[in-house]
1. Restricted to segment 64-79, and to residues that are of a type in the set (V, I, T) and in contact with a strand residue (DSSP E or B) (Cβ under 7 Å, 6 or more places away or on another chain), which residue is surrounded by the fewest Cβ atoms within 10 Å (Cβ to Cβ)?
2. Restricting to strands (runs of 3 or more DSSP E) lying wholly in segment 176-256: which have 3 or more residues that are without any contact (Cβ under 8 Å) to a residue 40 or more places away in the chain, out of contact with any Leu (no Cβ under 7 Å at 6 or more places or on another chain) and of a type outside the set (V, I, T)?
3. Go through the residues of segment 141-154 one by one and say whether even a single one is in contact (Cβ under 8 Å) with a residue 60 or more places away in the chain, farther than 20 Å from V223 by Cβ and either in contact with a Gly (Cβ under 7 Å, 6 or more places away or on another chain) or in the same structural domain as S111 (by TED's automatic domain parsing) (or both).
4. Taking F196 and the conditions (1) farther than 16 Å from G83 by Cα; (2) under 14 Å from the mean Cα position of the chain (by Cα); (3) at pLDDT 95 or above, which numbered condition does it fall short on, given that it satisfies the others?
5. Can you tell me how many residues within segment 177-232 are in contact with a Phe, Trp or Tyr (Cβ under 8 Å, 6 or more places away or on another chain) and surrounded by fewer than 21 Cβ atoms within 10 Å (Cβ to Cβ)?
6. Within segment 281-308, track down each residue that is assigned to a loop (DSSP other than H, G, I, E, B), touching a residue at least 12 places away in the same chain (Cβ under 8 Å) and among the hydroxyl-bearing types (S, T, Y).
7. Where residues in segment 259-308 are out of contact with any helix residue (DSSP H, G or I) (no Cβ under 6 Å at 6 or more places or on another chain) and of a type in the set (V, I, T), which of them is surrounded by the most Cβ atoms within 10 Å (Cβ to Cβ)?
Amino acid sequence: MYVVIKPSELSSLQTQVLVEALHEANLPKGLLNVVTGRGNVVGAELVRNPDVDKISFTGSVGVGKSIMRDGAETMKRMTLELGGKSPTIVLDDAVLGQAIPSALVMAFMNSGQACAAGTRLLVPKSRLDAVRGAILDAMPAFPAGDPADPKTAVGPMVSQAQYDRVQSYIRKGIKEGAEVLVGGEGHPKGLEEGYFVKPTVFVNVRNDMIIAKEEIFGPVLSVIAYASEDEAVKIANDSEYGLHAAVLGTDLGRARRIASQIRSGRVVINNMTDDPQAPWGGFKYSGVGREYGRYGIEAFLETRAILE
């Protein structure tokens, strides 16, 4: 089996680091190959080429659909890890001084440019005012700035196009009637050059608003109030996506029970836990198949039976 990596033309340096590490580890020549270029040229050829048996893709839903269509011509096997609009449910017994900073970490990870980012924060209506205060108290710990500065929590967007996209969603949220609790349009103060976005939190958001339905891929969080556990689960599942979710609360049995009702490929409880042995992948428009652990390895294998 030979592997060909086609990195994104917008973020290819991590592939160089990987290849350098494997080269130093004396990986046999030819086992791993890298080709660079645009997805609609180089990526499309890999999908169409009959010599390629398996495609594993991480990216947008639109490109994932295209890969499924074009790959069907040669019956390619697919693993697709696509978008997300991940819910974080704060239960009414949560300690807000712990839960809200954790929720903001999940919302703003990788400057919000993460498919697993928890960009919908579901909170009890009875604690909405306290949540607003807790967010305002916690936001100074999430400054935008130079990603080389260890104090920075939110770096720039990957491109001008992505900066413009995020700004357009902030404007849509305002137009839809959501309240900007912190952040908003434009560059952060002192960061007028570059693709920096103000870390933004909307409150008074409904789940049918565009900012709550579509993946923004930037540091924009929508706070949605719920009246009961059942409504919280309903709102969490009322999405085209189902990649990641979180439940934050002090009663672990209750948190596990709610987590089991969320239709997402992975649900974490009380922190952004990761385990490379745990399967990773999504329901619905969040993708096809699973990565990591046994499931991820088996996705690259074909079963053969030899009988006598």
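1. Here is the first cut: in segment 64-79, the residues of a type in the set (V, I, T) are 67, 74, 79.
Those left that are additionally in contact with a strand residue (DSSP E or B) (Cβ under 7 Å, 6 or more places away or on another chain): 67, 79.
Details: I67: 23, T79: 19.
Residue satisfying both the conditions and the ranking: T79.
2. Details: elements: 179-182, 200-203, 220-226, 244-248.
No strands (runs of 3 or more DSSP E) qualify here.
3. No, there is no match, as no residue in segment 141-154 is in contact (Cβ under 8 Å) with a residue 60 or more places away in the chain, farther than 20 Å from V223 by Cβ and either in contact with a Gly (Cβ under 7 Å, 6 or more places away or on another chain) or in the same structural domain as S111 (by TED's automatic domain parsing) (or both).
4. (2) is the only condition that F196 fails.
5. 8
6. Result: Y285, S286, Y292.
7. The qualifying residue surrounded by the most Cβ atoms within 10 Å (Cβ to Cβ) is V268.
Residue by residue, here is whether (1) farther than 22 Å from G84 by Cα; (2) without any contact (Cβ under 8 Å) to a residue 40 or more places away in the chain; (3) part of a helix (DSSP H, G or I); (4) under 24 Å from the mean Cα position of the chain (by Cα) holds:
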position: P7; (1), (2), (3), (4): no, yes, no, yes
position: Q16; (1), (2), (3), (4): yes, yes, yes, yes
position: P28; (1), (2), (3), (4): yes, yes, no, no
position: A44; (1), (2), (3), (4): yes, yes, yes, yes
position: F57; (1), (2), (3), (4): no, yes, no, yes
position: S66; (1), (2), (3), (4): no, yes, yes, yes
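The values are calculated or read from the model by the stated rules, or taken from the named source; none is laboratory data. Here the structure is a predicted model, which is why all the values come from computation and not from measurement. We place every Cβ from the backbone using ideal geometry, glycine too, and count neighbours over all the protein chains shown.
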